[in-house]
Every structure is written in structure tokens, then in C-alpha cells.
1. Being over 14 Å from N220 (Cα atoms), surrounded by fewer than 24 Cβ atoms within 10 Å (Cβ to Cβ) and more than 8 Å from the ligand (Cβ to nearest atom) is the filter here; which residues of region 167-187 pass it?
2. Would you confirm whether or not region 219-234 contains a residue that is among the hydroxyl-bearing types (S, T, Y) and over 29 Å from S48 (Cα atoms)?
3. Against the definition (modelled with pLDDT under 95 and not polar (S, T, N, Q)), how does A180 come out, yes or no?
4. Scan region 77-116 for residues that are open to solvent by 30 Å² or more (accessible area, probe 1.4 Å), more than 14 Å from the ligand (Cβ to nearest atom) and outside any loop (DSSP other than H, G, I, E, B) and jot them down.
5. For the structure I just gave you, tell me whether I164 is among the β-branched types (V, I, T), modelled with pLDDT of 95 or more, touching a Phe, Trp or Tyr at 6+ places or on another chain (Cβ under 7 Å) and open to solvent by less than 40 Å² (accessible area, probe 1.4 Å).
6. If we keep just the residues of region 206-231 that are among the small types (G, A, S) and within 12 Å of the ligand (Cβ to nearest atom), which is surrounded by the fewest Cβ atoms within 10 Å (Cβ to Cβ)?
7. Filter region 117-127 for residues that are over 16 Å from M208 (Cα atoms) and open to solvent by less than 50 Å² (accessible area, probe 1.4 Å); which is farthest from the ligand (Cβ to nearest atom)?
Amino acid sequence: MRIPFIAGNWKMHKTPEESIKLAKEIDNFLQENQEIDVDVLICPPYTSLYLLNKELKDRKVLLGAQNMSYEDEGAYTGEISPLMLKDMDIEYVILGHSERRQFFSENDEIINKKIKKAIEHNLKPILCVGETLEERESGKDKEKVKNQIIADLENIDKEKAADITIAYEPIWAIGTGKTASSDDANDMIKYIRSILKELYDEETSETMRIQYGGSVKPHNIKELMNKSDIDGALVGGASLKSEDFNKIIDF
Ligand code: PGA
């Protein structure tokens, strides 16, 4: 049984003080509603992580980073090492988000190196994949997603793969208010599971969680979560207000 997994990607929003307020509102909601059997992750900016780890000691909410370096340390100006994340009790890291691919020129080779490095340090990656509108309209969406998965997971064995979450995020649905229909999202996620089965085996593919991301809101989460293969959501905009995010958690 795969436990539902809802993650909030705060992107470049929230000061440390604002982060504490929002994180506490989410964590308090989880503490008060113990019956909610969902893994809930928040991924604030690096500048908030240290403080959040200190302030939310016995938290239910999980903490993740939005990116990391594929090096442990060294002369890499502006980078954050996986060792620094481990030192702050960070458990998860988003890798290969389409904004990293688009604005920071991250390619599959770089993302593969980051995934290997995260695994080496027992950080659990959330690997983002997804097609552009053009690729979808020309019928190349599945091919694109398959190529990304094969390249990003190259040389990662099945024991390690079980700790990886895949987030299927069609680029045209991110921050646009356009969501893939729940049927289309489920169809692609089923397809992703079949790729994982080919790469690894049935058991591994059934263990790995696959999220949908792209304009997930309180009003569409239930329909998405009711689908057979969607295990959770990676939420951007709607993760910035506890009022919305807590509704999503409590789908
Ligand atoms: P959105 O972002 O929910 O604002 O569309 C999702 C994401 O980029 O992970």
C-alpha cells in the first residue's frame, strides 16, 4: 500500500519568519488531525530550512529542499551541498523541476548526477518530469516523459529506486491554472509506472510513489486522488497559504 504523499514546493517565496508561521499552521493542523494518513512535505527556500528544523522539533510535517548540488563540497559558488541538507535533518529533495531545467539549464545528465548523490547520502529525491504543450499537442508527451525517466534514473538500482518519488508535472499546467484532466494525469502516471516496471520490476514499480503536479488546488485534489495510480501531489501556488494547503492535505 502506497501512503498518499502531498508535497508543497514554496519556490522563491517566504522569508524565514513567514516560513515559520506557515510551517506551524500546517504542522498544527496535522497534529490536531492525527487521523489524516498522508505524508506531508514542505519544501521552503534554503534560507528557512535551518530555522524550521530548530523551531518544529516534534513535527509531523516533513522537510525538503527544492534543489541541491551534485558535489559534496568545494569551490562551487552559490551551491548547497547534500551534506548541509543532512545536517539540518532534511529528508527529501526535489530534483529536476521544470523551472530548474528551463531557467537554469539543468539537463538529464546533471539531474542523474544529483539523484545519485542524493541517494548516496540517504536523501529521498522527488524527480520531476513532464512535457511541454507543444510536445503534448504533437503526441510526443509519452516519449518525452519516458526519455526523461530513463536518462534521469540511469544506473540507479532497484533497491535505491524504491525511495524515489516521481512527480509528473506537465509544464503547461504549472502556475497556469490549467490542470491536466484527472483521466489524462492518471493515464500518464500509469504509463510512468509501466516504464518503472520495465526498468526495475513489478514490485519496485508498485512501491514507488508517483505524484501529479500542476495547478493542484483544494477544488481538484479529491478527483485526482480518487484515480487508481495517482499517489499524491506536488503543489506550488496553493502550498503558500495554510488555508488552501491544509484543505489539500485533508482531501
Ligand atoms: P503550481 O506549481 O501548483 O503552482 O502549478 C506546481 C509545481 O511547480 O510544482
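The values are calculated or read from the model by the stated rules, or taken from the named source; none is laboratory data. Source: prediction; values computed, not measured. Please note: Cβ atoms are built from the backbone with ideal geometry, for glycine as well, and neighbour counts cover all protein chains shown. Please note that ligands, DNA and RNA were not included when accessible areas were found on the heavy atoms of the full protein model with its side chains. Shrake-Rupley method; radii C 1.70, N 1.55, O 1.52, S 1.80 Å.
1. Result: I171, W172, D187.
2. Yes - at least one qualifying residue is present in region 219-234.
3. For A180, the condition - modelled with pLDDT under 95 and not polar (S, T, N, Q) - is met.
4. L83, M84, K86, D87, D108, E109, I110, K113, K116
5. On the way: among the β-branched types (V, I, T): yes; modelled with pLDDT of 95 or more: yes; touching a Phe, Trp or Tyr at 6+ places or on another chain (Cβ under 7 Å): no; open to solvent by less than 40 Å² (accessible area, probe 1.4 Å): yes.
Against the criterion (among the β-branched types (V, I, T), modelled with pLDDT of 95 or more, touching a Phe, Trp or Tyr at 6+ places or on another chain (Cβ under 7 Å) and open to solvent by less than 40 Å² (accessible area, probe 1.4 Å)), I164 does not qualify.
6. The residue in question is S215.
7. Among those residues, the one meeting the criterion is H121.
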